[in-house]
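One structure is given below, encoded as structure tokens.
The values are calculated or read from the model by the stated rules, or taken from the named source; none is laboratory data. The structure presented is a predicted model; accordingly, all values stated were derived computationally and were not measured. Neighbour counts run over all protein chains shown; Cβ positions are idealised from the backbone, glycine included.
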């Protein structure tokens, strides 16, 4: 064991270098130690505190390269979270096969990916249960089960599928649960054996400021427009309760030439995916969303959120606010408050400050550079890397380093952010060029 410790430190160091961080935070350190020891563990920590790395690191460190079956399973409540965990796991560069399956994705693609079993399988409960029924997967090799944001999976109605999956995993030796709240009891069917609880819910001190913006009756949309204009140049999320009101707000923003992307449950998977890509890479600075975006999405650097409609419960308020002021960064949550209406007690208890549109305008930062997102018809399955894409854009596209933004590489495609002023020129130069052995199409994501 003494000889193994330095090796573990070197492996950890190499993993962390992929994310440009030098050390784990206290929650990650404690969780990694507990999971590595083999305990059943419940990790309670706010959104944005790094739970994904906390459980992925020890799990991947313990995978056996001599086993060609699924060894660890991660269940998540949404397809976006499944995709994000897959991206983080791949970025670690462990050499193990990793796949994610989820609703909205082709079953044929699932079957092809699972033909050669991944060591780590990630997915939504509905799709995982379906694959277990259809495919002859040796479940006796699955020793670790992770239920990420388990309370959200229960909330959206996955209890039956989760129970079915747990019953089928008779050889599981360790269960790891994560949540951003302690408001939900752990179901008995999960079969946790005296779990070690790692609770950082009250130790995380986000630099979050809650403010109210008064709106005259019937002028909520006009007030929103003024607030968004004053906050322009900073990435933020506007929350609505229902897709109907979201559509109303979206139409108003379009009519007033305010660029934004929408994100809600009724959108097609490809539209949700592209909205998040554009938001992450800076092409879009404003996301209009329902509570689907309140948890489970890895969206860094959010400077503000606006509650266009007030949530009904304190948990929803907390999770929405958790999108900003993450990892001790600063952020603000603005509550659009109709004059004369009573604020809910859970918002009053946050001791909100009062903010005026004039004060927001006075603090307005300068406009940032505009970006566009390009779509490439080639991805990881074509043996294409981010370096290959960057090389083509520098050499063939003629870009400088300042003109190339974030590259998101997926299984069968890629998204690339470039300065908006040169986007069409880049497309003309790179479209129908060869990337590795494949001729790829390069188009603008609208």
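Tabulated values for the structure
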| quantity | calculated |
| --- | --- |
| Qualifying position, being touching a strand residue (DSSP E or B) at 6+ places or on another chain (Cβ under 6 Å) and either surrounded by 14 or more Cβ atoms within 10 Å (Cβ to Cβ) or in a strand (DSSP E or B) (or both), among 221, 192, 154 | 192 |
| Helices (runs of 4 or more DSSP H) contained entirely in the range 349-446, each with at least 3 residues that are within 30 Å of residue 333 (Cβ to Cβ) | 357-362 |
| Selected residue [crowded, with 17+ Cβ neighbours inside 10 Å and touching a helix residue (DSSP H, G or I) at 6+ places or on another chain (Cβ under 8 Å)] from 18, 51 | 51 |
| From 187, 206, 235, residue being surrounded by 15 or more Cβ atoms within 10 Å (Cβ to Cβ), touching a strand residue (DSSP E or B) at 6+ places or on another chain (Cβ under 8 Å) and at pLDDT below 90 | 206 |
| Qualifying position, being surrounded by 14 or more Cβ atoms within 10 Å (Cβ to Cβ) and within 22 Å of residue 321 (Cα to Cα), among 242, 279, 252 | 279 |
| Candidates 118, 65, 77, filtered to the one that is closer than 25 Å to residue 199 by Cα and assigned to a loop (DSSP other than H, G, I, E, B) | 77 |
| Number of positions in the range 26-52 that are over 19 Å from the mean Cα position of the chain (by Cα) and assigned to a loop (DSSP other than H, G, I, E, B) | 4 |
| Test: residue 274 is under 29 Å from residue 105 (Cβ atoms), crowded, with 19+ Cβ neighbours inside 10 Å, at pLDDT below 90 and within 15 Å of the chain's Cα centre (by Cα) | no |
| Scan of the range 290-303 for residues that are surrounded by fewer than 23 Cβ atoms within 10 Å (Cβ to Cβ), touching a strand residue (DSSP E or B) at 6+ places or on another chain (Cβ under 8 Å) and either modelled with pLDDT of 90 or more or over 25 Å from residue 411 (Cβ atoms) (or both), ordered by number | 290, 291, 302, 303 |
| Given (1) under 28 Å from residue 266 (Cβ atoms); (2) touching a residue at least 12 places away in the same chain (Cβ under 8 Å), number of the condition residue 106 does not satisfy | (2) |
| Among (1) without any contact (Cβ under 8 Å) to a residue 40 or more places away in the chain; (2) on the phi > 0 side of the Ramachandran plot; (3) out of contact with any helix residue (DSSP H, G or I) (no Cβ under 8 Å at 6 or more places or on another chain) - the single one residue 191 does not satisfy | (3) |
